[in-house]
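Working notes, beginning with the structure itself.
The values are calculated or read from the model by the stated rules, or taken from the named source; none is laboratory data. Because the structure is predicted, anything quoted here is derived from the model rather than measured. Heads up, the Cβs are rebuilt from the backbone with ideal geometry, glycines too, and the neighbour counts pull from every protein chain shown. The protein model used for the area step is the full one, side chains on, heavy atoms only, and it has no ligands, DNA or RNA in it. Shrake-Rupley method; radii C 1.70, N 1.55, O 1.52, S 1.80 Å.
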Amino acid sequence: MNAPSHIVAGGALRGRRVLSMLPISRKERSRYILDLLEAAKKRWELTIDGVCQITDREPYQPLVAPAGKLFSPPPFLQVADFERDPAQLAAVQERIRDAERTTGVPMGRHILASAHSIGRGFNVSLRFSNRYPLIERVTADNEEPFRIMRRLFVFAEQALDEAKPDIVLSTDWAIPLHAAFWMVGTSRGIPCITLRNSKLRSGRFFWSTDRLLWNTKAIDDAMARHQTGEPVSENSAKFIQEFRNRPKVVAYISARWVDRERRGFLRWHYDYVRATLREMSRKGQAQDLSLREPGFSRMYRYYRGRVMFYSQKRFLKSFDDEALRSMKYVYFPMHKEAEFAQTYQAAPWHDQRNTIRLLAGLLPAGYRLLVREHRMNYSVRPSRVYKHLAALPNVTLINPFDSQFKYIQNADLVVTENGSTGWEALVMGRRLITLSSTFYDGAGLGTKVWDPETLNEAMLAVLAQPAVADQSEHDLRLGRMLDSETDWSFPAGEAGLEEALDLLERTAAPGLLAADQPRAMARV
């Protein structure tokens with residue numbers, strides 16, 4: 001597709017100042033992000049500032065040189081100076097309320113999105129918690145999450161005041177530090193852009209200006225293609241057919257499973273010793289240890305998990321294809337607990353126990369509800385969670401290590417908040433209900449239920465209809481969604497760097513032009 005006409009020669013990004021949220025330097029993705037930023041800096045003569053942990057300042061110093069700066073958050077479990085002054089504290093609280101009104105997102109939503117850390121209170125009854133200082137603090141004092149966000153908000157204000165960036169870049173806005181920068185940046189009209197993995201096209205990334213991190217450019221483009229009757233590329237048509245013949249999980253998720261399976265007994269202990277030695281070597285550095293779990297606690301969690309892995313098998317069932325074909329059932333796959341797909345992108349549905357109870361209470365006569373546990377939840381849940389769910393009428397819990405595709409293929413109806421199972425169900429021609437916005441909304445397929453009060457009517461109506469009314473139109477819509485995702489994404493790795501930068505400019509230009517207008521008027 002051609003670039004929008006508002007992008008002129010010379011580029012909307014030339015000479016800009018960019019503030020980037022930088023990942024932990026030893027993480028695998030950090031090298032790729034560093035390459036992207038270095039390439040962008042060279043192409044557009046950018047000034048880059050970065051936000052990183054204090055222990056990562058050295059590896060990122062060359063990136064921000066010569067004119068940029070690195071900002072490292074202070075220990076956020078410590079009382080800040082402004083909190084000791086009632087007048088300053090009141091002023092901060094008012095600025096937070098202004099930011100909430102401007103962005104339309106209250107502080108509590110950011111804390112819920114951080115249910116893996118400062119919002120752990122939201123799921124403390126659903127999984128065995130890590131016992132590092134942050135978790136101990138926020139579960140002992142339920143006002144502490146708001147204090148932490150308040151301290152990070154002030155840090156973000158100070159960093160943005162000093163850096164004065166034209167753009168803020170990140171990989172997500174769901175963790176507390178990033179959320180604070182999104183909140184302050186967005187309230188000031190600074191474009192905030194994320195780099196995300198594509199769940200439709202393996203090995204590709206996209207840029208997003210959407211608060212919920214969807215590839216809205218691709219979704220909107222797919223809808224436009226439906227209006228004009230755009231034909232589908234041969235590549236997308238082939239992808240659909242190959243998936244139906246041999247379904248597979250998207251590559252970056254599959255890689256996580258492979259890595260987890262390879263991490264056996266010896267590998268875990270090897271990694272444990274390495275992590276312990278690394279932390280010992282960093283003692284004395286001005287690092288925030290609030291996310292460092294004591295060694296004995298890690299060891300306890302590991303061996304507890306090994307015991308639970310075997311003892312909880314009794315709650316989970318597996319069925320073969322023949323048994324599934326003879327069964328009438330609704331299929332509901334669970335997310336990983338504290339997964340931001342629930343807590344951030346589908347907040348009303350963040351408690352999966354309630355969703356399962358609701359679906360169980362809406363089952364038509366003769367149907368079962370098959371609930372597939374997520375692999376990352378298994379062995380870290382208290383057994384009582386499974387006992388309570390297994391007691392619900394006509395609910396059967398499914399083994400997370402059993403292939404999901406046979407359950408999708410034979411389901412009378414698939415229900416998901418926004419999971420990739422929904423896309424897989426559409427490709428495999430199954431009935432689908434989604435409960436929130438999804439990354440495949442551009443296909444315009446399935447049934448969307450925004451209001452839980454209408455879910456019972458929707459389930460009955462969908463089950464009374466054929467799974468696919470028009471196979472040709474169905475496949476065209478799937479293919480157009482894939483084509484749009486391809487056009488608004490780029491290949492991972494060095495080979496895709498130039499394409500990534502081209503797409504960054506296409507994504508950033510509208511927001512930059514909008515932000516520039518008030519500045520230009522102010523100068524006049």
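Does Val105 qualify as being open to solvent by less than 20 Å² (accessible area, probe 1.4 Å) and more than 30 Å from Leu34 (Cα to Cα)? Before the answer, list the steps.
Values: open to solvent by less than 20 Å² (accessible area, probe 1.4 Å): yes; more than 30 Å from Leu34 (Cα to Cα): yes.
The answer is yes for Val105.
Identify all residues within region 330-377 that are open to solvent by less than 50 Å² (accessible area, probe 1.4 Å), over 23 Å from Ser129 (Cα atoms) and part of a loop (DSSP other than H, G, I, E, B); write none if there are none. Matches in region 330-377: Leu362, Leu363, Pro364, Tyr367.
Filter region 66-80 down to the residues that are under 18 Å from Val51 (Cα atoms) and surrounded by 12 or more Cβ atoms within 10 Å (Cβ to Cβ) and list them by number.
Here is the first cut: in region 66-80, the residues under 18 Å from Val51 (Cα atoms) are 66-76.
Passing the criteria: Gly68, Lys69, Leu70, Phe71, Ser72, Pro73, Pro74, Pro75, Phe76.
Conditions tested, residue by residue: (1) in contact with a strand residue (DSSP E or B) (Cβ under 9 Å, 6 or more places away or on another chain); (2) modelled with pLDDT under 95; (3) at positive phi.
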{"site": "Glu473", "(1), (2), (3)": "no, no, no"}
{"site": "Glu499", "(1), (2), (3)": "yes, no, no"}
{"site": "Asp502", "(1), (2), (3)": "yes, no, no"}
{"site": "Glu505", "(1), (2), (3)": "no, no, no"}
{"site": "Leu512", "(1), (2), (3)": "yes, yes, no"}
{"site": "Val524", "(1), (2), (3)": "no, yes, no"}
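Scoring Ser125 on the criteria (1) open to solvent by less than 50 Å² (accessible area, probe 1.4 Å); (2) assigned to a helix (DSSP H, G or I) leaves a single failure, condition (2). Counting just the residues of region 380-404 that are open to solvent by 30 Å² or more (accessible area, probe 1.4 Å) and basic (Lys, Arg), which one comes out farthest from Asp320 (Cα to Cα)? The selected residue is Arg384.
On the basis of being of a type in the set (Val, Ile, Thr) and under 24 Å from Val124 (Cα atoms), does Val330 make the cut?
Details: of a type in the set (Val, Ile, Thr): yes; under 24 Å from Val124 (Cα atoms): no.
Against the criterion (of a type in the set (Val, Ile, Thr) and under 24 Å from Val124 (Cα atoms)), Val330 does not qualify.
Considering region 432-463, the residues that are of a type in the set (A, V, I, L, M, F, W, C) and in a loop (DSSP other than H, G, I, E, B) include one that is surrounded by the fewest Cβ atoms within 10 Å (Cβ to Cβ), namely Trp450. Checking each residue in region 464-501 for being over 30 Å from Asp35 (Cβ atoms), open to solvent by 30 Å² or more (accessible area, probe 1.4 Å) and in a helix (DSSP H, G or I) picks out Gln471, Ser472, Glu473, Asp475, Leu476, Arg477. Kindly indicate whether any position in region 56-65 is open to solvent by less than 40 Å² (accessible area, probe 1.4 Å), touching a helix residue (DSSP H, G or I) at 6+ places or on another chain (Cβ under 9 Å) and at pLDDT below 95. Yes.
Pro75 satisfies every condition listed in (1) at pLDDT 95 or above; (2) farther than 24 Å from Lys164 by Cβ except (1). Considering region 130-233, the qualifying strands (runs of 3 or more DSSP E), each wholly inside and each with 3 or more residues that are under 20 Å from Ser437 (Cβ atoms) and either open to solvent by less than 10 Å² (accessible area, probe 1.4 Å) or in contact with a helix residue (DSSP H, G or I) (Cβ under 6 Å, 6 or more places away or on another chain) (or both), run over 192-197.
In region 81-99, the count of residues that are surrounded by 15 or more Cβ atoms within 10 Å (Cβ to Cβ), in contact with a helix residue (DSSP H, G or I) (Cβ under 9 Å, 6 or more places away or on another chain), modelled with pLDDT of 95 or more and in a loop (DSSP other than H, G, I, E, B) is zero. The set of residues in region 277-303 that are surrounded by 12 or more Cβ atoms within 10 Å (Cβ to Cβ) and either within 23 Å of Arg375 (Cα to Cα) or at pLDDT 70 or above (or both) comprises Glu293, Ser297, Arg298, Met299, Tyr300, Arg301, Tyr302. Does Pro400 meet the test of being in a loop (DSSP other than H, G, I, E, B), over 15 Å from Leu478 (Cβ atoms) and modelled with pLDDT under 95? Taking the combined requirement at face value, the residue satisfies it.
Here Arg306 does not qualify as open to solvent by 30 Å² or more (accessible area, probe 1.4 Å) and closer than 30 Å to His110 by Cα.
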